[in-house]
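The values are calculated or read from the model by the stated rules, or taken from the named source; none is laboratory data. Here the structure is a predicted model, which is why all the values come from computation and not from measurement. All Cβ positions, even for glycine, are placed from backbone atoms using ideal geometry, and neighbour counts span all protein chains on display.
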Amino acid sequence: MSKLDVIIPVYNEGENIIETLDALGRTVKSPFRVLICYDHDEDTTLPAIRARGGWPFEILPVKNQGKGVHGAVLTGFRASTAPAVVVVTADEPTNAEILDPMIEKFEEGHDIVSASRFMRGGRVEGVPFLKGLLARAGSFVLYHVAGLPTHDSSYGFRMFSRRVIERVPIESTAGFTYSIELLAKCHRLGWKIAEVPAHQPERKHGSSRFRVMKWLPAYLQWFVYILSTTVLFRGPASVRLTGQAEGARGRQ
């Protein structure tokens, strides 16, 4: 049985996906499978995968039941069954090498393991100036002021336990905002969070679907949430869990 489901949301990633899948097969030792979450049957990603084939892991195509990258990821969450789930972009083969260290952190009892570009050993290159500035500044404040236990709060490369996927409702509707939302809520609940250093390289092919200004208000909502629940108000946790009473709970 797979320890890990790797969710890859795609939109015409035929030029990028092979290198990423090759890197996963070459470097990840933990049992895993890949869920390719796509929008339409004509997506260039699917024929590229079929033409190449031969990887030593299962690849499951999952058609997006929602809209855009947000819908693709949530569709992947619903289709996942492994104890741990990680969202990986199709154009970042470099970080395949950190999945085993992330699994180790998960097996130590952490509900979220963040890939961190801003901790010691992490780095970022080729990212647009405004996007990089906002990410670094926001993460700095949340780590040093709010005590969030990761140096990188905005990076979408993040591993979640089955408990997080099944019990923490997602209210966000834009882009990768779900990732900082789950981080914020798990921190509020007192669930364990860890991080490992990551490298975000410059994209080789195509253009990023990350929309800074479009998604900024949604990110700011959870930025304010983290500050307000750790600095301004330190009362009992009040995150509504799916099928559970409110309050912090231990790992089961």
For this session: List the number of the failed condition for Gly121; all other conditions in (1) modelled with pLDDT under 95; (2) crowded, with 18+ Cβ neighbours inside 10 Å hold.
Result: (2)
Problem set entry | the stretch 76-96, residues that are of a type in the set (D, E, K, R) and either surrounded by 22 or more Cβ atoms within 10 Å (Cβ to Cβ) or modelled with pLDDT under 95 (or both) | Asp91, Glu92
Exercise. If you go through the stretch 116-128, how many residues are in contact with a strand residue (DSSP E or B) (Cβ under 6 Å, 6 or more places away or on another chain) and among the hydrophobic types (A, V, I, L, M, F, W, C)?
Worked result: 2
Problem set entry | Close pairs from the stretch 58-83: first within 16 Å of Phe160 (Cβ to Cβ), partner assigned to a loop (DSSP other than H, G, I, E, B) and among the aliphatic types (A, V, I, L, M), Cβ under 7 Å, at least 6 apart | His70/Ala174; Leu74/Ile170
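Residue by residue, here is whether (1) at pLDDT 85 or above; (2) on the phi < 0 side of the Ramachandran plot; (3) part of a helix (DSSP H, G or I); (4) surrounded by 13 or more Cβ atoms within 10 Å (Cβ to Cβ) holds:
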position	(1), (2), (3), (4)
Gly175	no, no, no, yes
Leu182	yes, yes, yes, yes
Glu195	yes, yes, no, yes
Met213	no, yes, yes, no
Gln221	yes, yes, yes, yes
Thr242	no, yes, no, no
Arg249	no, yes, no, yes
Exercise. From the list Leu130, Leu148, Leu189, Leu142, which one is modelled with pLDDT under 90 and over 15 Å from the mean Cα position of the chain (by Cα)?
Worked result: Leu130
Problem set entry | the stretch 139-153 residues that are part of a helix (DSSP H, G or I), paired with ones that are of a type in the set (A, V, I, L, M, F, W, C) and buried (at least 22 other Cβ atoms within 10 Å of the Cβ) (beta carbon under 6 Å, 6 or more apart) | Leu142/Leu148; Leu142/Ile226
Problem set entry | Output for the stretch 58-86, where each listed residue is among the hydrophobic types (A, V, I, L, M, F, W, C) and out of contact with any helix residue (DSSP H, G or I) (no Cβ under 6 Å at 6 or more places or on another chain) | Ile59, Leu60, Val69, Ala72, Val73, Leu74, Ala79, Ala82, Val86
For this session: Could you tell me whether the stretch 106-123 includes any residue that is within 15 Å of Lys3 (Cβ to Cβ), touching a residue at least 12 places away in the same chain (Cβ under 8 Å), out of contact with any helix residue (DSSP H, G or I) (no Cβ under 9 Å at 6 or more places or on another chain) and of a type in the set (Lys, Arg)?
Result: no
Seminar exercise, completed: Matching residues in the stretch 100-116 (of a type outside the set (Asp, Glu) and over 22 Å from His70 (Cα atoms)) number 7
Exercise. Among the listed residues Ile36, Ile17, Ile8, Ile49, which satisfies the condition of being within 13 Å of Thr89 (Cβ to Cβ) and free of Cβ contacts under 8 Å to residues at least 40 places away in the same chain?
Worked result: Ile36
For this session: Sort out which residues of the stretch 154-172 are in contact with a helix residue (DSSP H, G or I) (Cβ under 6 Å, 6 or more places away or on another chain), part of a loop (DSSP other than H, G, I, E, B) and farther than 16 Å from Ala198 by Cα, and write them in order of number.
Result: Val168, Ile170, Ser172
